[in-house]
Amino acid sequence: MSNTLSRIATQAAYGASQLPRMAWYMGHGIAMRRLSRLMLGQGYQSTRARAHTDKPTPDRRRQLADMARLLQADLANVEAGIYPFPIDRDGSPFDLLNRSRLFFTDLPEVHRRRENGVTSDVLTNDLRARRPRYYLQNFHFQSGGWMTDESALRYDTQVEVFFSGTANAMRRQALPALHEAFAGRDVGRLRLLDVGCGTGRFLGFVKQAWPRLRVIGLDMSDAYIREARAHLRRQPRSSLVVAGAEAIPVPDESLDAVTSIFMFHELPPKIRRGAFAEFGRVLKPGGRLVIVDSLQIGDNPAYEGSLELFPQNFHEPYFSTYIAEDFRQMARDHGLAHQRDVMAFVSKVMVFDKPS
């Protein structure tokens, strides 16, 4: 009886935490689309072709059903003890309102760039000397690209709005593969690297599950590393470094796990291969690689059209090559063995091991 009551209480608490969160970000999405239509209706000049696909796209009912399945999987992982009840750490009501203000304030500039094909506002002589060209773009048409503190403050809101409040739940679907890899081991002796850590949201969930695990976050943005540092400030055994996936500054075979969340679709094909070469180098024999990113062609026929529309509506110059990329072959080329793929709403969890 107590187990039943405990389960009911967990389910109720999960719903009370996740459903209002989804409603908050869905509301932002509705407002964003209305503002976009309003600007176009006011005679805003546009030079871009309208987005188009002949492939199927899911209707709202299908999307909501798939989001519900994602949340059911997230809750099932909690009930199974794979990871603890999730704390999203969205901040205080003041923080939420401030991030909402930053999000809506930037929308006119996002709209201007999208309608006029402006994609490299951040390309300056100073940054060109310090970052690779592929990185110096206005991904998603957002102001500052990845290079400003304001961009780092807006990012989590932008991603959650795009995914209707399910981005964190999709990130957490990487944790079962880590739970499996860490089972029966002294976690305090293990090391994990998160590549393209951004604002540190995924590392926050990792530390909730394994407080004693030593983690390293790597990202090429000083601004996003500063935001990650603030997010992880109460987490011991956490370090952050500014570097790229194609040149990871750690010794050979020094890591037990490597993760990468929502990064690979923003890398050119050559850099993807460079990143996999580095993963193969830094993982110990028996180590695990877990990647979470977008669905690819063939993963879910209902979303094939969405995969075509996404790079048309958002500045994602490498997405069309990502959705056709053969990650299994790439892994084999660099000494890694594919274990499985798990679909989670519009994301895919890819699991690889380095043979012992």
Residue count, region 121-136 (criterion: hydroxyl-bearing (Ser, Thr, Tyr) and either touching a strand residue (DSSP E or B) at 6+ places or on another chain (Cβ under 8 Å) or open to solvent by 40 Å² or more (accessible area, probe 1.4 Å) (or both)): 1
Search result, residues across region 146-174 that are in a helix (DSSP H, G or I), touching a Leu at 6+ places or on another chain (Cβ under 7 Å) and over 29 Å from Asp66 (Cβ atoms): Glu150, Leu153
Hits in region 66-120 - residues which are basic (Lys, Arg), open to solvent by 60 Å² or more (accessible area, probe 1.4 Å) and closer than 25 Å to Gly204 by Cα: Arg69, Arg89, Arg101
Which numbered condition Pro20 fails, given (1) within 23 Å of Ser151 (Cα to Cα); (2) open to solvent by less than 80 Å² (accessible area, probe 1.4 Å); (3) more than 20 Å from the chain's Cα centre (by Cα): (1)
Cβ-Cβ under 7 Å pairs, at least 6 apart or on other chains, region 94-114 side free of Cβ contacts under 8 Å to residues at least 60 places away in the same chain, far side of a type outside the set (A, V, I, L, M, F, W, C) and assigned to a helix (DSSP H, G or I): Arg99/Arg154; Arg99/Thr157; Leu102/Glu150; Leu102/Arg154; Asp106/Arg154
Search result, residues across region 187-211 that are open to solvent by 20 Å² or more (accessible area, probe 1.4 Å), more than 21 Å from the chain's Cα centre (by Cα) and either of a type in the set (Asp, Glu) or farther than 25 Å from Gly280 by Cβ (or both): Pro211
Helices (runs of 4 or more DSSP H) enclosed by region 52-137 - at least 2 residues per element that are at pLDDT 90 or above: 60-79, 93-116
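Rundown of residues vs (1) surrounded by fewer than 18 Cβ atoms within 10 Å (Cβ to Cβ); (2) within 23 Å of Asp90 (Cβ to Cβ); (3) hydrophobic (A, V, I, L, M, F, W, C), yes/no style:
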position	(1), (2), (3)
Tyr224	no, yes, no
Ala228	no, yes, yes
Leu232	no, yes, yes
Phe264	no, no, yes
Lys284	yes, no, no
Gln296	no, no, no
Residues located in region 137-154, provided they are in contact with a Phe, Trp or Tyr (Cβ under 7 Å, 6 or more places away or on another chain), open to solvent by 20 Å² or more (accessible area, probe 1.4 Å) and at negative phi: Trp146
Among the candidates Ser238, Ser260, residue that is without any contact (Cβ under 8 Å) to a residue 40 or more places away in the chain and surrounded by 21 or more Cβ atoms within 10 Å (Cβ to Cβ): Ser238
Members of region 327-356 found to be buried (at least 18 other Cβ atoms within 10 Å of the Cβ), in a strand (DSSP E or B) and within 20 Å of the chain's Cα centre (by Cα), listed by number: Ala344, Ser347, Lys348, Val349, Met350, Val351, Phe352
Residue within region 162-175 that is more than 28 Å from Phe314 (Cα to Cα), in contact with a helix residue (DSSP H, G or I) (Cβ under 8 Å, 6 or more places away or on another chain) and open to solvent by 10 Å² or more (accessible area, probe 1.4 Å) present: no
Yes/no for Ala324 being open to solvent by 10 Å² or more (accessible area, probe 1.4 Å), over 22 Å from Arg133 (Cα atoms) and in a loop (DSSP other than H, G, I, E, B): yes
Check on Gly184, small (Gly, Ala, Ser), surrounded by fewer than 22 Cβ atoms within 10 Å (Cβ to Cβ), assigned to a loop (DSSP other than H, G, I, E, B) and touching a helix residue (DSSP H, G or I) at 6+ places or on another chain (Cβ under 6 Å): no
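The values are calculated or read from the model by the stated rules, or taken from the named source; none is laboratory data. If you're wondering where the values come from, they're calculated on a predicted model, not measured in any experiment. Heads up, the Cβs are rebuilt from the backbone with ideal geometry, glycines too, and the neighbour counts pull from every protein chain shown. To get the accessible areas, we keep the full protein, side chains included, count just its heavy atoms, and leave off ligands, DNA and RNA. Shrake-Rupley method; radii C 1.70, N 1.55, O 1.52, S 1.80 Å.
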